[in-house]
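Asker: Have a look at this one.
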Amino acid sequence: METLRLCFHNLLSFYLSVFAAVLRLILSPLPSIKRFPIFVPFIDAYISLLFRFSNLSPCTLDLDEHTTIHFWAPNHRHFNKPNLVLIHGYGGDAKWQFMYQVKSLAQSFNLYIPDLLFFGKSYTTRPERTEEFQAKCVVEGLKGLGVKKCSMFSISYGGFVGYKMAEMYPEMVEKVVILSSGVGCTKEQKEEQLKRIGRDPVELLIPAKPEDLHALVNMSIYKYNPFKWAPDAFLQEFIDVMCRSYLKEKQELVYHLLSDHTDCILPILTQETMLIWGDKDRVFPLMFGQQLQRHLGPRAKLEIIKNTGHAANIESPDSVNALIKAFILQRNQEEEHVKFT
């Protein structure tokens, strides 16, 4: 299934890119007309439809006079389904990162998908840039939506936030799934990995030019490059729409993440935890996942997806979705069996 999807995406990427290039060529003789984004809003609207067809609707919650958080939440919550929170990383808002998860996971879970602060429609005027504050805002939003218990799936930067959420709110978070995140790596490991990457992490995570975006995608995806055929005009439009809002604040999030604060002793989570890693991850290599598993001890397991890079949620979504369902639903099904026997 994933091989078929890969072929389809390559063909779709090629034809969309050709169409984009032709359209830009037609419009190029009209310099006096202000250019508005065309392609990214169209794709964004399509992804929104995918979310709506998965029983999700957007909602915005004011946590206080300083902070607003945006969620995709169920139109109708099914009490026979467990709650699952999806926490995204860098590279666009939650919609773009979980487009291959919502349809499959919504069949088994009540999904709650926040935009972290300074992504999508979530923002704050407060000065905090910590993962703790991000986790606190997500939990306050969940409580505002009536969620008392949930499991959590987080990716990359979202893994740092999700780990803090599980640590700070063990009474709420039941199970933890982390995909390809650098949680627990030391200052020396961060410096060594940055040397291997050979790029400014701010330029990589918050691209300003098409070549920056190409570098990010090539670093994150092993099997194929979804932007291989995309003209620079399309890539710049994506950057302008998805990456340039709250630019200073996003940079501050990166600087905080790279600071020495992560060298403090990492608490061991009380929840059952599953770590998912692509064996070809070039952002947070597999050794980081093995290290985190050893730190967490017997309540954690590591699942490795072959021939997959950092963005396993995009490259190998069927494998990721199947692992999440098997891990989280197993205990719920056992509890239901005990309840009715």
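The values are calculated or read from the model by the stated rules, or taken from the named source; none is laboratory data. This structure is a prediction, so every number in the text was calculated from the model and none was measured. Cβ atoms come from the backbone with ideal geometry, glycine included; neighbour counts cover every protein chain shown. Areas reflect the complete protein model, heavy atoms only, side chains present, ligands, DNA and RNA absent. Shrake-Rupley method; radii C 1.70, N 1.55, O 1.52, S 1.80 Å.
Asker: Which ones in segment 120-168 are free of Cβ contacts under 8 Å to residues at least 24 places away in the same chain and of a type outside the set (A, V, I, L, M, F, W, C)?
Answerer: Just the residues of segment 120-168 that are free of Cβ contacts under 8 Å to residues at least 24 places away in the same chain, to begin with: 127-128, 133, 143.
Residues satisfying the conditions are Pro127, Glu128, Lys143.
Asker: Scanning segment 140-172 for residues that are within 17 Å of Ala73 (Cα to Cα) and surrounded by 20 or more Cβ atoms within 10 Å (Cβ to Cβ), which turns out nearest to the chain's Cα centre (by Cα)?
Answerer: Ser154
Asker: Now for a different question. Working only within segment 301-320, note down all residues that are part of a strand (DSSP E or B) and open to solvent by less than 40 Å² (accessible area, probe 1.4 Å).
Answerer: Taking segment 301-320 and keeping what is part of a strand (DSSP E or B), we get 301-305.
Leu302, Ile305, listed by residue number.
Asker: Take Glu237 and decide whether it is open to solvent by less than 40 Å² (accessible area, probe 1.4 Å), farther than 26 Å from Glu174 by Cβ and among the charged types (D, E, K, R).
Answerer: Details: open to solvent by less than 40 Å² (accessible area, probe 1.4 Å): yes; farther than 26 Å from Glu174 by Cβ: yes; among the charged types (D, E, K, R): yes.
Against the criterion (open to solvent by less than 40 Å² (accessible area, probe 1.4 Å), farther than 26 Å from Glu174 by Cβ and among the charged types (D, E, K, R)), Glu237 qualifies.
Asker: For segment 90-136, how many residues are part of a helix (DSSP H, G or I), open to solvent by 20 Å² or more (accessible area, probe 1.4 Å) and within 17 Å of Ile206 (Cα to Cα)?
Answerer: The number of residues fulfilling the criteria is 1.
Asker: A follow-up question, please. Test each condition in (1) part of a strand (DSSP E or B); (2) charged (D, E, K, R); (3) at pLDDT below 90 for Lys175 and report the one that comes out false.
Answerer: (3)
Asker: Ok, one more. Just the residues that are surrounded by fewer than 20 Cβ atoms within 10 Å (Cβ to Cβ) and either touching a residue at least 24 places away in the same chain (Cβ under 8 Å) or part of a helix (DSSP H, G or I) (or both), please, taken from segment 197-211. Walk me through how you get there before you give the answer.
Answerer: Quick first cut of segment 197-211, residues surrounded by fewer than 20 Cβ atoms within 10 Å (Cβ to Cβ) only: 197-203, 208-211.
Hits for segment 197-211 are Ile197, Pro201, Val202, Glu203, Ala208, Lys209, Pro210, Glu211.
Asker: Here is a further query. Check segment 71-82 and report whether any residue there is closer than 21 Å to Ser245 by Cβ and touching a residue at least 24 places away in the same chain (Cβ under 8 Å).
Answerer: yes
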